[in-house]
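> Dropping a structure here in structure tokens format, bear with me for questions.
The values are calculated or read from the model by the stated rules, or taken from the named source; none is laboratory data. All values reported here derive from a predicted model rather than from experimental measurement. Glycine also receives a Cβ, built like all others from the backbone with ideal geometry; neighbour counts cover every protein chain displayed. The area values use the complete protein model at the heavy-atom level, side chains included, leaving out ligands, DNA and RNA. Shrake-Rupley method; radii C 1.70, N 1.55, O 1.52, S 1.80 Å.
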Amino acid sequence: MAVGLARYHFPGKGLYQGASYLPLIIPDIAMAVATLVFLAAVAIPLSLWTIVSAHVVFCLAYVALVVSTRLADLDPHLEEAALDLGATPIEAFIQVLLPQLMPGIISGCLLAFVLSMDDFLIASFTAGSGANTLPMEIFSRIRTGVKPDINALSVILILASGFLALFGEYLRIQGEGKRLKN
């Protein structure tokens, strides 16, 4: 989506771009209600798949924003050089553009994971019977008081988040080292 919006011109591009970034500015409660109304209007039964699809729609704008900022910093002449040297457009995308976008893609995915993991409203509005996410389970358990299992889970989540942040920093440093060598 980010590459298409940055590189190509098509009718309705401005409208599509504006609509694709709406999840960034619309409050979660409004997104949750709108998603529930849409699913009811189309008669899609609530399940784990409706939670997943709602979170994909919600997080796609964040990933696209992160990737598009990375794309703005890239040299467009590298992809043109690959095309001049005989690469097909798909080969130029996979072998030249995609590796340069990978830090932005990984950052966007980590941001989407954190946002999705934290989101209670959209999950609770789009969950069917039997579908339960971790935030919904935690919320249902703390109604009666915080128990040791919730404390332990919180510590695990904090440690896992710290590990992911350190791993992302390691990948960033490795990427900078490779760029400096080249």
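> What is the Cα coordinate range of region 117-168 on the first, second and third principal axes, sorted by size from largest, in whole angstrom?
36, 25, 15
> Pick out the long, greasy-scoring helices in the chain: whole DSSP H runs spanning 18 Å or more along their own axis by Cα, mean Kyte-Doolittle at least 0.5. The partial results should precede the final answer.
Working: long enough: 28-41 (19 Å, 2.14); 48-72 (35 Å, 1.78); 98-118 (29 Å, 1.45); 148-181 (49 Å, 0.57).
Correct list, ordered by number: 28-41, 48-72, 98-118, 148-181.
> For the chain, build the convex hull from the C-alpha positions and give me its volume per residue in Å³. Write down the numbers at each step before the final one.
Values: hull volume 27.2 nm³, N = 182.
Given the Cα convex hull of the chain, per-residue volume reads 150 Å³.
> Ranked by accessible surface with a 1.4 Å probe, highest first, in what order do Ser140, Ser20 come?
Values: Ser140 60, Ser20 20 Å².
Ranked from most to least accessible, the order is Ser140, Ser20.
> Sticking with the crude label model, points 7 Å out along Cα→Cβ, report the distance from Ala19 to Ile105 in nm, one decimal please.
The modelled label-to-label distance comes out at 2.6 nm.
> Something else about it: Rolling a 1.4 Å sphere over the protein heavy atoms, what is the accessible area per residue of the chain, to the nearest Å²?
With all protein chains present, the chain gives 65 Å² per residue.
> Let me ask something additional. Solvent-accessible area of His55, probe 1.4 Å, all protein chains present, reported in Å² to the nearest ten, please.
20
> I've got another one for you. When the Cα centres of region 73-90 and region 91-159 are compared, how far apart do they sit, in Å?
If we compute the Cα centre of each part, the gap is 36 Å.
> Go ahead and estimate [θ] at 222 nm for the chain from helices alone: -39,500 (n - 2.57) per DSSP H run with n ≥ 4, summed, over the residue count, rounded to 500.
Helix-only estimate at 222 nm: -24000 deg cm²/dmol.
> Follow-up. Return the carbon/sulfur percentage of the accessible area of region 1-138, one whole number, probe 1.4 Å, all protein chains in place.
Its accessible area is 72 percent carbon and sulfur atoms.
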